[in-house]
């Protein structure tokens, strides 16, 4: 059987890593910020401590909280020099999903950045609701961002699927009561994502429509 009973009415997705192939841009911005802040971290340290909640990265790097705003500014400046592209097949997958489900975006990303990127790719209208970093007081893995999206859609958690590329995404989905689908990405989260035991783990976003179709119409051997 599929992991939860009930008809799927909504598919809610993460942005960075899941729909936007921004892992390299994100990493490069961190490394530039680390150098400017005098933090002796490289890719290896970032991979170990990476979190969608960048303040957890700052804490792990023992960066004084009084300097967090400076770190944010430096990261944004560095990131602005990059123009990450959509994950392969993302536009087509969203088009297929939108024909069957209501779509929502739930991301830890800054609203100005994410909305600018959505406009650049002409994807804004794809989503019935968007929840960004400024839209909830408690970030992933707290369920608040996902519950906010569901409240806006007027749907129960059991009718929704959340798709993300980090273990925090899977924990948020479970705590909110939705199905949790992990997708491997260019971010350094693969091993921890596997260990988080999502309801399904995809090698590529392209596999998502088929997965959801299978959950809607499970084969007898899986029942």
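Results, tabulated for the structure shown:
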{"quantity": "Two-site FRET efficiency, residue 88 against residue 110, from Cβ-Cβ distance with R₀ of 30 Å, rounded to 0.05", "calculated": "0.75"}
{"quantity": "Crossing angle, helix 144-153 versus the chain [Cα axis fit, 0-90 degrees, rounded to tens]", "calculated": "40 degrees"}
{"quantity": "Relative contact order computed over the chain (Cα-Cα under 8 Å; 6+ residues apart), in percent", "calculated": "29 percent"}
{"quantity": "Highest to lowest packing among 172-184, 52-64, 115-127, scored as the average C-beta count within 10 Å", "calculated": "172-184, 52-64, 115-127"}
{"quantity": "At R0 = 35 Å, FRET efficiency that the Cβ-Cβ distance of residue 66 and residue 98 yields, to 0.05", "calculated": "0.20"}
{"quantity": "Computed [θ] at 222 nm, deg cm²/dmol, the chain (DSSP H ≥ 4; -39,500 (n - 2.57); rounded to nearest 500)", "calculated": "-12500 deg cm²/dmol"}
{"quantity": "Approximate spin-label separation residue 77-residue 55, in nm, with each point projected 7 Å along Cα-to-Cβ", "calculated": "2.3 nm"}
{"quantity": "Volume per residue that the Cα convex hull of the stretch 23-79 spans, once the total is divided by residue count, Å³", "calculated": "69 Å³"}
{"quantity": "At R0 = 35 Å, FRET efficiency that the Cβ-Cβ distance of residue 32 and residue 152 yields, to 0.05", "calculated": "0.45"}
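Here, each number is a calculation from the coordinates, and none is a lab measurement. It should be emphasised that the depicted structure is a prediction, and the values quoted were computed from it without experimental measurement. Cβ sites come from the backbone with ideal geometry, for glycine too, and all protein chains shown count toward neighbours.
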